[in-house]
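This report refers to the structure that appears directly beneath it.
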Amino acid sequence: MAFNDLEYHSVKKEVSAFVESLRPPGHIRNELDIVFTIDDQSIEIGEQRPVWRGQPGEMSVLTSAKITYVRSQKKWRLYWMRASEKWELYETAGTLAEVLEMVRADAHGCFFG
């Protein structure tokens, strides 16, 4: 089940602040930036870069972290993208703030390492 309007805006505000704290300086954001999307009850965070040998202005996003809220368990699950391009469970936590801090710490170099 997707986030309701209140949950969506709360999640968006928290994730926006988190991503803003990770973004590189303004003068290089056209070459590398950190972005996120919210879809249903999942949040994806990744690096946005220009497509090599692509059309001018064409960008690609390499998603490195996926956070999903499991409403029935009232838990947040953090996933990382393996080289096989499959999501693997990294950790589970009780709050979104805890999961975002795991992404920031990146103890095993899975997200932006």
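The values are calculated or read from the model by the stated rules, or taken from the named source; none is laboratory data. As the structure is a computational prediction, the values presented were derived from the model and not from experiment. Here Cβ is always computed from backbone atoms with ideal geometry, including for glycine, and neighbour counts include all displayed protein chains. SASA here: full protein model, heavy atoms, side chains in, ligands and nucleic acids out. Shrake-Rupley method; radii C 1.70, N 1.55, O 1.52, S 1.80 Å.
Some values worked out for this structure:
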quantity: Neighbour cut-off at most 13 other Cβ (10 Å), DSSP loop, trypsin sites (Lys or Arg not before Pro), the range 54-96; calculated: 71, 74, 82, 86
quantity: Helix-only [θ]222 nm of the chain, DSSP H runs n ≥ 4, -39500 (n - 2.57) each, per residue, nearest 500; calculated: -8000 deg cm²/dmol
quantity: Lysines whose Cα lies under 17 Å from that of residue 86, excluding same-chain neighbours fewer than 8 positions away; calculated: 66
quantity: Estimated distance in nm for a label pair at residue 22 and residue 42, the labels positioned 7 Å out from Cα along Cα-to-Cβ; calculated: 1.6
quantity: Heavy atoms of residue 43: accessible area, 1.4 Å probe, square angstrom to 10; calculated: 0
quantity: About the Cα centre, charge dipole magnitude for the chain (Lys/Arg +1, Asp/Glu -1 at Cβ), debye; calculated: 120
quantity: Overall dimensions of the range 59-112 by Cα: Rg and Dmax, Å; calculated: 11.4, 36
quantity: Gain on full stretching of the segment that runs from residue 2 to residue 55 - 0.36 nm per residue minus C-alpha separation; calculated: 15.6 nm
quantity: Distant-in-sequence amide H partners of residue 111 (H built 1.01 Å from N, under 5 Å); calculated: none
quantity: Extension gain (nm, one decimal) between residue 31 and residue 84, 0.36 nm per residue minus Cα-Cα; calculated: 16.5 nm
quantity: Charge dipole (the chain, unit charges on Cβ, about Cα centre) - positive-most of 72, 48, 16; calculated: 72
quantity: Under the Karplus curve 6.51 cos²θ - 1.76 cosθ + 1.60, θ = phi - 60°, whole-Hz ³J(HN,Hα) for the range 28-33, x wherever Gly or Pro sits; calculated: 10, 5, 6, 9, 7, 8
quantity: Farthest toward positive dipole pole in the chain [+1 Lys/Arg, -1 Asp/Glu at C-beta], among 94, 34, 4; calculated: 94
